[in-house]
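Following: one structure in C-alpha coordinates, then a few remarks.
The values are calculated or read from the model by the stated rules, or taken from the named source; none is laboratory data. Since this is a predicted model, take the numbers as computed values, not measurements. FYI the Cβ positions are ideal-geometry reconstructions off the backbone, even for glycines, and counts take in every protein chain you see.
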Amino acid sequence: MDVKQISVFLENKSGRLAEVTKILGENNIDISALSIADTTDFGILRLIVNDPDKAEKVLKENGFTVSSTNVIAIGVEDKPGGLSKALEILDAQSIGIEYMYAFVGKKSDEALVLLRVENSSKAVEILTKGGIQVLSSDKVYKL
(Lines give C-alpha, C1' and ligand atoms only; values in the text may rest on other atoms or scores of the structure.)
Protein backbone atom coordinates (compact mmCIF):
# COMPACT_ATOMS: atom_id res chain seq x y z
CA MET A 1 0.00 0.00 0.00
CA ASP A 2 3.02 2.29 -0.12
CA VAL A 3 2.80 5.31 -2.38
CA LYS A 4 6.03 6.56 -3.97
CA GLN A 5 6.66 10.21 -3.17
CA ILE A 6 9.24 12.23 -5.09
CA SER A 7 11.36 14.70 -3.12
CA VAL A 8 13.22 17.46 -4.95
CA PHE A 9 15.95 19.57 -3.37
CA LEU A 10 15.55 23.17 -4.52
CA GLU A 11 17.73 26.19 -4.02
CA ASN A 12 15.61 28.99 -2.63
CA LYS A 13 15.83 31.03 -5.85
CA SER A 14 13.11 32.61 -7.93
CA GLY A 15 11.85 30.37 -10.72
CA ARG A 16 13.09 26.99 -9.44
CA LEU A 17 9.61 25.71 -8.53
CA ALA A 18 8.25 26.95 -11.87
CA GLU A 19 11.04 25.06 -13.63
CA VAL A 20 10.14 21.79 -11.90
CA THR A 21 6.45 22.10 -12.75
CA LYS A 22 7.26 23.03 -16.36
CA ILE A 23 9.48 19.97 -16.81
CA LEU A 24 6.83 17.70 -15.33
CA GLY A 25 4.10 19.24 -17.51
CA GLU A 26 6.19 18.90 -20.67
CA ASN A 27 6.57 15.21 -19.85
CA ASN A 28 2.85 14.65 -19.24
CA ILE A 29 3.35 14.09 -15.52
CA ASP A 30 0.36 15.14 -13.45
CA ILE A 31 0.81 16.39 -9.88
CA SER A 32 -1.83 15.11 -7.44
CA ALA A 33 -0.32 16.58 -4.27
CA LEU A 34 2.61 18.66 -3.19
CA SER A 35 4.19 20.06 -0.11
CA ILE A 36 7.18 22.35 0.26
CA ALA A 37 9.27 22.95 3.34
CA ASP A 38 11.86 25.68 3.11
CA THR A 39 14.66 27.42 4.90
CA THR A 40 16.47 30.59 3.94
CA ASP A 41 18.73 28.80 1.44
CA PHE A 42 16.85 25.74 0.18
CA GLY A 43 13.60 23.82 0.15
CA ILE A 44 12.38 20.25 -0.15
CA LEU A 45 9.50 19.84 -2.59
CA ARG A 46 7.50 16.65 -1.99
CA LEU A 47 5.30 15.46 -4.83
CA ILE A 48 2.77 12.75 -5.55
CA VAL A 49 2.50 12.29 -9.31
CA ASN A 50 0.87 9.89 -11.74
CA ASP A 51 4.23 8.43 -12.87
CA PRO A 52 6.83 8.75 -10.08
CA ASP A 53 9.56 6.76 -11.85
CA LYS A 54 9.37 8.95 -14.95
CA ALA A 55 9.24 12.11 -12.83
CA GLU A 56 12.37 11.10 -10.96
CA LYS A 57 14.16 10.32 -14.22
CA VAL A 58 13.30 13.54 -16.08
CA LEU A 59 14.05 15.77 -13.11
CA LYS A 60 17.46 14.13 -12.62
CA GLU A 61 18.15 14.54 -16.35
CA ASN A 62 17.47 18.25 -15.89
CA GLY A 63 19.98 18.62 -13.07
CA PHE A 64 17.74 18.38 -10.01
CA THR A 65 18.64 16.41 -6.91
CA VAL A 66 15.77 13.95 -6.53
CA SER A 67 14.99 11.04 -4.22
CA SER A 68 11.96 8.87 -3.57
CA THR A 69 10.31 7.88 -0.32
CA ASN A 70 7.39 5.62 0.48
CA VAL A 71 4.39 7.18 2.21
CA ILE A 72 0.90 5.93 2.93
CA ALA A 73 -2.32 7.58 1.78
CA ILE A 74 -5.53 7.40 3.77
CA GLY A 75 -9.07 8.58 3.25
CA VAL A 76 -10.83 10.03 6.28
CA GLU A 77 -14.27 11.48 6.75
CA ASP A 78 -14.32 15.13 5.73
CA LYS A 79 -15.86 16.43 8.93
CA PRO A 80 -14.57 17.80 12.24
CA GLY A 81 -12.62 15.04 13.98
CA GLY A 82 -12.28 12.90 10.84
CA LEU A 83 -8.50 12.88 10.94
CA SER A 84 -8.41 12.45 14.70
CA LYS A 85 -9.56 8.82 14.57
CA ALA A 86 -6.64 7.79 12.33
CA LEU A 87 -4.10 9.69 14.42
CA GLU A 88 -5.43 8.17 17.65
CA ILE A 89 -5.06 4.67 16.16
CA LEU A 90 -1.42 5.38 15.29
CA ASP A 91 -0.73 6.97 18.67
CA ALA A 92 -2.21 4.00 20.55
CA GLN A 93 0.37 1.77 18.85
CA SER A 94 3.21 4.29 19.38
CA ILE A 95 3.69 4.89 15.66
CA GLY A 96 5.24 8.31 15.18
CA ILE A 97 4.48 10.55 12.23
CA GLU A 98 7.46 12.21 10.59
CA TYR A 99 5.28 14.51 8.47
CA MET A 100 1.92 14.62 6.73
CA TYR A 101 -0.01 16.69 4.25
CA ALA A 102 -3.43 16.56 2.64
CA PHE A 103 -4.47 16.56 -0.97
CA VAL A 104 -7.59 16.98 -3.05
CA GLY A 105 -9.39 13.92 -4.31
CA LYS A 106 -12.37 13.55 -6.57
CA LYS A 107 -14.76 12.63 -3.75
CA SER A 108 -16.13 15.52 -1.75
CA ASP A 109 -17.09 13.45 1.29
CA GLU A 110 -13.58 12.40 2.28
CA ALA A 111 -10.29 14.11 2.96
CA LEU A 112 -7.16 12.44 1.64
CA VAL A 113 -4.01 12.55 3.73
CA LEU A 114 -0.43 11.44 3.06
CA LEU A 115 1.61 10.23 6.02
CA ARG A 116 5.28 9.43 6.42
CA VAL A 117 5.45 7.17 9.47
CA GLU A 118 8.10 5.17 11.30
CA ASN A 119 6.69 1.75 10.39
CA SER A 120 4.45 1.89 7.34
CA SER A 121 3.52 -1.81 7.18
CA LYS A 122 2.40 -1.81 10.82
CA ALA A 123 0.60 1.50 10.30
CA VAL A 124 -1.29 0.15 7.29
CA GLU A 125 -2.30 -2.96 9.24
CA ILE A 126 -3.63 -1.14 12.29
CA LEU A 127 -5.31 1.64 10.32
CA THR A 128 -7.12 -0.93 8.19
CA LYS A 129 -8.20 -2.88 11.30
CA GLY A 130 -9.37 0.41 12.78
CA GLY A 131 -11.68 1.09 9.85
CA ILE A 132 -9.50 3.70 8.14
CA GLN A 133 -9.38 3.48 4.36
CA VAL A 134 -5.78 3.02 3.18
CA LEU A 135 -5.49 3.83 -0.51
CA SER A 136 -3.45 1.77 -2.96
CA SER A 137 -0.71 3.45 -4.95
CA ASP A 138 -2.62 2.76 -8.19
CA LYS A 139 -5.65 4.62 -6.86
CA VAL A 140 -3.55 7.57 -5.65
CA TYR A 141 -1.63 7.91 -8.93
CA LYS A 142 -4.96 8.15 -10.80
CA LEU A 143 -6.35 10.99 -8.67
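Some observations on this one:
- Taken across the range 79-93, residues that are hydroxyl-bearing (Ser, Thr, Tyr), under 15 Å from the mean Cα position of the chain (by Cα) and surrounded by fewer than 17 Cβ atoms within 10 Å (Cβ to Cβ) do not occur at all.
Residues checked against (1) in contact (Cβ under 8 Å) with a residue 24 or more places away in the chain; (2) in a helix (DSSP H, G or I); (3) in the same structural domain as ALA33 (by TED's automatic domain parsing):
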residue	(1), (2), (3)
ALA86	yes, yes, no
SER94	no, no, no
MET100	no, no, no
ARG116	yes, no, no
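- Residues satisfying the stated conditions in the range 1-54, i.e. surrounded by 14 or more Cβ atoms within 10 Å (Cβ to Cβ), farther than 14 Å from VAL140 by Cβ, within 15 Å of the chain's Cα centre (by Cα) and of a type in the set (Gly, Ala, Ser): SER7, SER35
- Apart from one condition, PRO80 fits all of (1) without any contact (Cβ under 8 Å) to a residue 12 or more places away in the chain; (2) of a type outside the set (A, V, I, L, M, F, W, C); (3) under 30 Å from ASN12 (Cα atoms); the exception is (3).
- Residues in the range 43-84 that are assigned to a loop (DSSP other than H, G, I, E, B) and hydroxyl-bearing (Ser, Thr, Tyr): 0 in all.
- Number of the condition not met by LYS139 [criteria: (1) at pLDDT below 90; (2) of a type outside the set (S, T, N, Q); (3) over 24 Å from ILE44 (Cα atoms); (4) in contact with a Ser or Thr (Cβ under 7 Å, 6 or more places away or on another chain)]: (4)
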